[in-house]
Amino acid sequence: LTGGKVITGHEKQQLIVLKHFFENICYSNSLNLFQGFPFLFQHIRDGINIRQTCNLIFSLCRYNNRLAEHIVSMLFTSIAKLTPEAANPFFKLLTMLMEFAGGPPGMPPFASYILQRIWEVIEYNPSQCLDWLAVQTPRNKLAHSWVLQNMENWVERFLLAHNYPRVRTSAAYLLVSLIPSNSFRQMFRSTRSLHIPTRDLPLSPDTTVVLHQVYNVLLGLLSRAKLYVDAAVHGTTKLVPYFSFMTYCLISKTEKLMFSTYFMDLWNLFQPKLSEPAIATNHNKQALLSFWYNVCVDCPENVRLIVQNPVVTKNIAFNYILADHDDQDVVLFNRGMLPAYYGILRLCCEQSPAFTRQLASHQNIQWAFKNLTPHASQYPGAVEELFNLMQLFVAQRPDMREEELEDIKQFKKTTISCYLRCLDGRSCWTTLIRYLTFGVLIYLFIYLFIYLFIY
């Protein structure tokens, strides 16, 4: 029963008492003796010889499935009533019971009993149960299959709907643990940002099948995600683990094309529920835009879904942005969100001249040039994308119509006028020098020089 481990006389005496106690239960016909197991409960809660206790349970439950089921029931009843810290020894014992495989004939299927019961108590201690399952799924095929087949029962409930961030994070890690690839799991756990797609990560065909199964379930929840974006009710972070994991799943163009069917679900989530509310730092929006940008990079098919939809092209430029350069939280948020947002607009302009002309005259783009580009040190990524947009706005093609050329001239005049009013030549030299990289904007520098240093 001790697994070959040397035990003290006191420990041996405890095990003998416990063994006799269970022998009385095993040979009793009274159901009342199966209720509670207070002696075993106290023994486990105190953390006394968990390994030897596990061996004793194996010995006593051989050819006695009924006793095994009652013991498992007692373990989960205890977990439901205890604090997470007090429940640790019980989870440790569950792990030992799950690890048992093979052995002598007549041994009850503890793994099946445990997996059937864990969903009943997960509501009482969700984070600890999810973390425990995340450890079991890579090492136990039955646990992996059970969690994978029951995704509809727990993913939305704990990844999207749950009120506690710790639980949502645990659910994301459980999803990661389902992917049978050590490198995939380790990279997710070690990365500082959860918004980095795992490009060029080689996965076996079997692993890819599992990844796509998980990813498809998450894509199917896009239409449900709108239930959790009301900031007054759910806050502004509920969808972050959800979009972070989906971004992490983008290992190739295949996953990006899988998204195409769900494009309108994403759009209806973004607009107007995330784009319009005047919220300074909406992390749900940041996570969505990061996923949207990454799913469009090197995937013109997904960009085409944007530029060929008149409803989307009409409204995509409307996105609430607070430019408070003195609030560090707002600055950090914009530094993370704006490159993805303006990156999406750039990808659309690169594919559609019509969208480029439409966006160039939009009031929100002029606002961005005025309020963001003078602060390149605070928003380097966003300003770089805005400069790229500016290049696209003034680029001329041989087949351009006179009307399009006139639009370019008007954009130049509007932009020059904007910068003449807002730029400070003594403090915005970084921005001014950056403009000089555009030969088409050389006149801007001349006008600014005259305005700032002569007048």
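Any read-out appearing in this document is the output of simple, stated calculations on the displayed coordinates, not a laboratory observation. The structure displayed is predicted, hence computed values, not measured ones. Note that each Cβ is placed from the backbone with ideal geometry, even for glycine, and that neighbours are counted across all protein chains shown.
Some observations on this one:
- Of the trypsin sites (Lys or Arg not before Pro) found in the stretch 356-427, those in coil by DSSP whose Cβ has at most 15 other Cβ atoms within 10 Å are ARG401, ARG426.
- Exposure proxy ranking, count of Cβ atoms within 10 Å, fewest first, for GLU384, GLU123, GLU85: GLU85, GLU123, GLU384
- The overall shape of the stretch 35-124, judged from the alpha-carbon gyration tensor, is prolate: a/c is not under 1.5, and a/b is greater than b/c.
- Under 16 Å of direct C-alpha separation, and excluding same-chain neighbours fewer than eight residues apart, LYS370 reaches these aspartates and glutamates: ASP324, GLU384, GLU385, ASP424.
- Taken as Cα centroids, the stretch 110-126 and the stretch 281-306 sit 37 Å apart, rounded to the nearest whole angstrom.
- 12 Å beta-carbon shell around ILE122, net charge (K/R +1, D/E -1): -1
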